[in-house]
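Report on the structure given below.
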Amino acid sequence: MKNRCFWVSDDELYMKYHDEEWGVPVYDDHTLFEFLILETFQAGLSWITVLRKRENFRKAFDNFDYKKIALYTEEKYEELLQNEGIIRNKLKIKATITNAQAFMKIQEEYGSYSKYYWEFVNDKPIQNTFKTKKEVPATTELSDQISKDLKKKGFKFVGSTVIYAYMQATGMVNDHTTDCFRYKEVQNL
């Protein structure tokens with residue numbers, strides 16, 4: 001049996017996410033936007049809740065197409081509020097639209113969101129060496145810095161805790177614990 005990070009339950013969806021996605025460096029703008037939206041909706045909830053609704057989010061939000069989302073009308077917003085397949089939080093849905101618009105402004109300014117995002121670590125993932133749950137932080141100075149910068153650029157629901165989870169998910173930091181089978185695999189990507 002494979003040894004996984006402490007937070008992974010025996011839920012197959014959770015294990016698949018941990019084993020194939022979490023902590024893998026993401027450089028594609030579309031995927032970075034998807035994770036930003038999912039982390040935004042996760043705020044205050046468990047990640048498994050979001051994972052179980054991921055495909056519903058994908059359908060509801062036009063396959064996470066930020067160009068389409070940026071143009072959502074009040075009617076589309078109201079439609080999303082009625083969608084029982086997603087997390088129907090008014091502020092988070094509004095934030096998704098706002099964040100799509102801000103995301104595209106960053107693309108215009110930097111050439112891509114990925115370029116902007118990865119500049120915070122000079123394009124090189126941070127390799128942590130945490131052994132226990134207690135060592136893994138909820139925020140860092142860097143997540144504080146990125147959060148502050150994103151807020152300045154007009155993003156919503158991007159507090160430091162959300163951003164640190166985003167950094168973990170998108171591989172900006174390798175927070176697989178050292179006893180996890182994925183630690184070395186992700187380290188070598």
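The values are calculated or read from the model by the stated rules, or taken from the named source; none is laboratory data. Because the structure is a prediction, the values reported are computed rather than measured. When we count neighbours, we look across all protein chains shown, and the Cβ atoms used for this are built from the backbone with ideal geometry, even at glycine. Quick note on the areas: whole protein, heavy atoms, side chains included, nothing else; ligands and nucleic acids left out. Shrake-Rupley method; radii C 1.70, N 1.55, O 1.52, S 1.80 Å.
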(message) Which count do you get for residues in region 25-42 that are in a loop (DSSP other than H, G, I, E, B) and within 17 Å of ALA165 (Cβ to Cβ)?
(response) 2
(request) Scan region 102-135 for residues that are over 16 Å from THR170 (Cα atoms) and part of a loop (DSSP other than H, G, I, E, B) and report the count. (result) 5
(request) Only residues in region 159-187 that are under 25 Å from SER147 (Cα atoms) and open to solvent by 10 Å² or more (accessible area, probe 1.4 Å) count as the first member; pair them with residues that are among the basic types (Lys, Arg) and modelled with pLDDT of 95 or more, Cβ under 9 angstrom, at least 6 apart or cross-chain, and list the lot. (result) GLY159/LYS151; SER160/LYS148
(message) Looking at LYS92, LYS131, LYS153, LYS115 in this structure, which one is open to solvent by 70 Å² or more (accessible area, probe 1.4 Å) and farther than 18 Å from THR31 by Cβ?
(response) LYS131
(request) Would you be able to say whether some residue in region 77-97 is among the acidic types (Asp, Glu) and either under 28 Å from LYS124 (Cβ atoms) or under 15 Å from the mean Cα position of the chain (by Cα) (or both)? (result) no
(request) Go through (1) out of contact with any Leu (no Cβ under 7 Å at 6 or more places or on another chain); (2) touching a residue at least 40 places away in the same chain (Cβ under 8 Å) one by one and return the number of the condition ASN99 breaks. (result) (1)
(message) Here is a check on your reading of the model: is ASP123 open to solvent by 70 Å² or more (accessible area, probe 1.4 Å) and modelled with pLDDT of 95 or more?
(response) yes
(request) Go through region 35-89 and count every residue that is of a type in the set (Ser, Thr, Tyr) and surrounded by fewer than 17 Cβ atoms within 10 Å (Cβ to Cβ). (result) 4
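For the structure I just gave you, tell me whether GLU109 is within 26 Å of ASP19 (Cα to Cα) and open to solvent by 40 Å² or more (accessible area, probe 1.4 Å).
No.
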(request) Hey, could you check region 7-24 for residues that are in a loop (DSSP other than H, G, I, E, B) and at pLDDT 95 or above and say which is surrounded by the most Cβ atoms within 10 Å (Cβ to Cβ)? (result) GLY23
